[in-house]
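Working notes, beginning with the structure itself.
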Amino acid sequence: MSAWLPTAPCTPQACVEAPAAVRARTVPRAVLRLTAVLLLLLAGIALTPLGGRIPASLVRRWCRWIVRAAGVRVRITGATAPTGGLLLVANHISWLDIPLLAAVRPARMLAKTEVRHWPVAGALAARGGTLFIDRDRLRALPDTVARIAGALREGAAVAAFPEGSTWCGRAQGTFRRAVFQAALDAGVPVQPVRIGYRLSGGRATTAPAYVGDDTLLASLWRVATARGLIAEVEVRNPVPPSAGPDRRTLARAAQPPDTTAPAWTHTVLVA
């Protein structure tokens, strides 16, 4: 791994809440949840050849279904993402962030090359037009930025997690600037999104986090066995490319405030 890569200090041992003792009756429910998630992903893979013929509203609904099937309620608040070329950026906590961001607006994801090898989800990402970045090759970064800018100029939405690494949710990383250069080059706005996870009682939780040396299977099981998980997604006002003279300023304008205490405006969906 290259020394320049962004890393988070979060680890499952230090940051992720230990799951409560799983009762016998919880196991069948968790298995059903994971089965439902898998079936929805397989359905998505089967429908990817249809491409742009699938209505965006149906894609957004399908993404919410994935999160809901895992046993997580979804609450989306704030502005409506604009149409046309758009760079969506969000803080990164969990694998759940990916369908949550697509529920705001379907977009081509920017993901590390390792995602391509994830079971089921990797195939879905590849067939869905994901832009993969080799994070171990710094020299490949300008070409990646150019490909993102090209997609934005064509009117596509591209979604990215500029922290470059997942954080537990109690803390967050700094938005890296490279991806914002693509928005400047293409002359398109940036759509900041803030993601957080809470329990039904209102307390913030790190249970959905996928950090450090955690495994995807362990994170999936924590989510599936949890009770009362709520994903909260705040869609902030778009940032026009004219908001800053350079990518550093644009990244700072899009950086969300503390993710542990969101100030929700109006709720547009609870699923």
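Using the Cα centre as the reference, give the magnitude of the dipole from point charges on the C-beta atoms of segment 70-225 (Lys, Arg: +1; Asp, Glu: -1; all else neutral), rounded to the nearest 20 debye.
Numbers: 19 positive and 10 negative charges, 67 e Å.
Magnitude of the dipole: close to 320 debye.
5 Å is the cut-off here: which amide hydrogens, built 1.01 Å from N in the peptide plane, fall below it relative to A8, excluding neighbours closer than 5 in sequence?
Residues meeting the amide H criterion: none.
For segment 165-176, in order, what is each residue's ³J(HN,Hα) by Karplus, 6.51 cos²θ - 1.76 cosθ + 1.60 with θ = phi - 60°, in whole Hz (x at glycine and Pro)?
These are the phi-based 3J(HN,Hα) values: 7, 7, 10, 6, x, 7, 9, 9, x, 8, 5, 6 Hz.
Of the heavy-atom accessible surface of segment 38-83 (probe 1.4 angstrom), what whole percent is carbon and sulfur?
On the way: 1620 of 2490 Å².
For segment 38-83, the apolar C and S fraction of the accessible surface comes to 65 percent.
In whole angstrom, how long is each semi-axis of the equivalent ellipsoid of segment 133-192, when you take the square root of 5 times every eigenvalue of its Cα gyration tensor and sort them from largest down? Please report the intermediate quantities before stating the final value.
Values: eigenvalues 90, 48, 15 Å².
Ellipsoid semi-axes (Å, largest first): 21, 15, 9.
Along the principal axes of its C-alpha atoms, what lengths does segment 51-131 span, in descending order and rounded to whole Å?
34, 31, 26
For all pairs of alpha-carbon atoms in segment 12-103, what percent lies in each bin of width 5 Å, listed from the first bin to the last filled one?
Final binned percentages: 2, 10, 16, 21, 19, 15, 8, 5, 3, 0.
With all protein chains present, calculate the accessible area of R61 using a 1.4 Å probe and round the result to the nearest 10 Å².
Surface open to solvent at R61 totals about 90 Å².
Would you list the P(r) distribution for segment 70-219, with all Cα-Cα distances sorted into 5 Å bins from 0 and each bin expressed as a whole %?
Going from the shortest bin to the longest, the percentages are 2, 9, 18, 22, 22, 15, 8, 3, 1, 0.
Can you give the accessible area of S200, probe radius 1.4 Å, in Å² rounded to 10?
My reading of the accessible area for S200 is about 90 Å².
Give the relative contact order (percent, whole number) for segment 78-214; include only Cα pairs under 8 Å separated by 6+ residues. Provide the component values of the computation, followed by the final result.
On the way: 219 pairs, mean separation 51.9, N = 137.
Taking the mean separation of contacting Cα pairs over the length of segment 78-214, I get 38 percent.
Quote the accessible area belonging to T113 in square angstrom, nearest 10, computed with a 1.4 Å probe and with ligands, DNA and RNA left uncounted.
The accessible area of T113 comes to roughly 50 Å².
Name the residue farthest towards the positive end of the dipole of segment 172-260 from the options A226, P189, L199, assuming +1 on Cβ of Lys and Arg, -1 on Cβ of Asp and Glu, about the Cα centre.
L199
Provide the per-residue ³J(HN,Hα) series for segment 85-96, in order, calculated from phi with Karplus coefficients 6.51, -1.76, 1.60 and θ = phi - 60°, each as a whole number of Hz, with x at glycine and proline positions.
For segment 85-96, the Karplus-derived couplings read x, 7, 9, 8, 10, 8, 5, 10, 10, 9, 5, 5 Hz, x marking Gly and Pro.
Any idea of the accessible area per residue across segment 176-246, 1.4 Å probe, to the nearest Å²? Don't skip to the answer; put the middle values down first.
On the way: 2750 Å² over 71 residues.
Using a 1.4 Å probe on heavy atoms only, each residue of segment 176-246 averages 39 Å².
The values are calculated or read from the model by the stated rules, or taken from the named source; none is laboratory data. Keep in mind that this is a model prediction, so the values were computed, not measured. Heads up, the Cβs are rebuilt from the backbone with ideal geometry, glycines too, and the neighbour counts pull from every protein chain shown. Quick note on the areas: whole protein, heavy atoms, side chains included, nothing else; ligands and nucleic acids left out. Shrake-Rupley method; radii C 1.70, N 1.55, O 1.52, S 1.80 Å.
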